[in-house]
Structures are given as C-alpha cells and as structure tokens.
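In what follows, a structure is listed as structure tokens, so that the remarks can point back to it.
Each value in this text was obtained by applying a stated rule to the coordinates, not by laboratory testing. Please read all numbers here as calculations on a predicted model, not as lab measurements. Every residue, glycine among them, receives a Cβ derived from its backbone with ideal geometry; neighbour counts consider all protein chains shown.
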Amino acid sequence: MKIGIIGGTGRMGKGLALRWVLAGHRVTIGSRSLDKANNTVDEIIRRLGNDYRNMLHADTYQRTVADNELIVLSIPYFALKQTLDTIRNYINMNKIILSPIVPLVFKDGKPVLIKNEDLSVAEEVARYLNNENVVSGFHTLPYRRLLRYRKEIQGDIVVFSDNKEAKKTVMDLVKDIPSLRPLDGGGLENSGIIERFTYLLLEVRRINKLGDVTIYFRK
C-alpha cells in the first residue's frame, strides 16, 4: 500500500514508517521541510539497510497527500487546523485519512488535556475535510515501542470509523506490526473515549513511573 505520513519526521511518524516499510508498504515521509524529511529517510535507511531505499521517500505535505492512498496525520492537535488547510485541496474522496491525534500538550513533563468541542478529533477531521473515509486509531501505542523494530509489541489497537472498508484497511495495517491486535471500536463518535483515555494512560504512567505501557483486552 502507498502510505503518506504527514508529520513523518516526528517520533510517532518515524516509528510507523519504519514498521510499515518492514511490512512491505511504500511510505512517504511528509514534512514542511524537505531537507528534514530527507534526513529522516536517511536515518531510517541507516537502521534498516539499503534494501529498503526504494520503499521510503521524502516529500512536501502537498505531494505526500496527492501521491498516496492512505494519509496519516501524525501531528500535534494544536497544529491540526493549519495542517488541514495546507492539504485539504489535495485530498479526494477515495483517500483514507488516519488520525492517531490526542488533544493534549505536555507542560513540565505532565500531560494536559486540551478542552475541545464535543466532537472527537477524528470527527473534527471528517467534518472539516467533508471526508467519510476518516479512521481513528493508534492513540495508545508508545512511539518507543515502534522504534524498537526488532521487538514485537504486545497490545491492542482500537480502531474507529464510520466507513467499514476504510476501517478494515487500517485494521490490516495494525496486523502488519507483529503481535499487535486490531479491535473494532465502532464509529467515529466513540473515538473521543480513547482520545481521553490516552491522556489518562499517560498520566497514570507518569505518576506510577511505569515506563511505556500499552493496552490489552483480556477475557
């Protein structure tokens, strides 16, 4: 699959790119700075080897969106509207938009939840872009686990969308990361629950000094 990661030079975007390139997908690192995107590509190739050079590319935000089937919004919440304004004219109704965005910031190492509308972030994206193929997922996955690409990640990823085919596509991408299990979380209206829960997960981790944690549903 052709995947474009907006904000791909960041830690989460870099980790997802690394894992999906290993799974055989073509990934584009999208950045406002092409030099920064190229440096990220070089960094990942140094880790994986030149055999993956043709699977990983660098480009601008606009070209990243135009040239790929699935677009990941790996950006902080405060940059969302500006980023959507930059790319919205390059998005057609066939593209899948994946949002792992959690509406929070860090102050002195402490997560602070940003009060936004009643809508989830994913619903905001869908409404702003007028796109029915928005999917929400990967909120609770620590970037450090992604970057340790030689190790499997035990955990569950809850995926939300109002479009069943788009949701299935993202759930298949979850399966491409060894030992992760995708779970269907229903429509985008439920995404706000996991977005806020991720804040709680980070705060519990910080208070109890737990290190990187994932979620895992057991019966």
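Please report, for the Cα atoms of region 1-119, the Rg to one decimal and the Dmax as a whole number; what are they, in angstrom?
That works out to 14.6, 46 Å for Rg and Dmax.
Net charge near residue 129: determine it from the other residues with C-beta under 14 Å of the C-beta of residue 129, scoring Lys and Arg +1 and Asp and Glu -1.
Here the count lands on -1.
Please work out the C-alpha center-to-center distance from region 83-106 to region 1-55 and express it in whole Å.
A separation of 18 Å, based on Cα centres.
Starting with the highest mean, order 150-157, 46-53, 20-27 by the number of other Cβ atoms within 10 Å, averaged over the residues of each peptide. Walk me through the intermediate numbers first.
On the way: 150-157: 15.1, 46-53: 11.5, 20-27: 18.8.
The densest-packed peptide leads the list: 20-27, 150-157, 46-53.
Going down the list 164/209; 36/151; 95/175, which pairs span over 31 Å between their C-alpha atoms?
Result: 164/209 exceed 31 Å.
Sorted by mean Cβ packing within 10 Å, highest first, what order do the peptides 184-195, 5-16 take?
Top to bottom by mean Cβ count within 10 Å: 5-16, 184-195.
With both partners inside the chain, how many of the DSSP beta bridges are antiparallel, as a percent to the nearest 5?
Among the beta bridges of the chain, antiparallel pairing accounts for roughly 20 percent.
For every helix of n ≥ 4 consecutive DSSP H residues, a contribution of -39,500 (n - 2.57) applies; sum these over the chain, divide by its total residues, and give [θ] at 222 nm rounded to the nearest 500 deg cm²/dmol.
Estimated from H runs of four or more residues: -12000 deg cm²/dmol.
Running Debye on the chain with equal point scatterers at the Cα sites and no solvent, what base-10 log of I(q)/I(0) appears at q = 0.14 Å⁻¹?
Results for the chain at q = 0.14 Å⁻¹ read -0.83.
At a 10 angstrom cut-off on C-beta neighbours, averaged per residue, how do the peptides 68-78, 164-174 rank from highest to lowest?
Highest-to-lowest ranking by the protection proxy: 68-78, 164-174.
What helices does the chain hold that run 15 Å or longer along their axis, going by alpha-carbon atoms, with a Kyte-Doolittle average of -1.0 or more, using DSSP H for the helix calls? Please report the intermediate quantities before stating the final value.
On the way: long enough: 11-22 (17 Å, 0.39); 34-48 (21 Å, -0.57); 164-175 (16 Å, -0.62); 191-208 (26 Å, 0.26).
Result, helices passing both filters: 11-22, 34-48, 164-175, 191-208.
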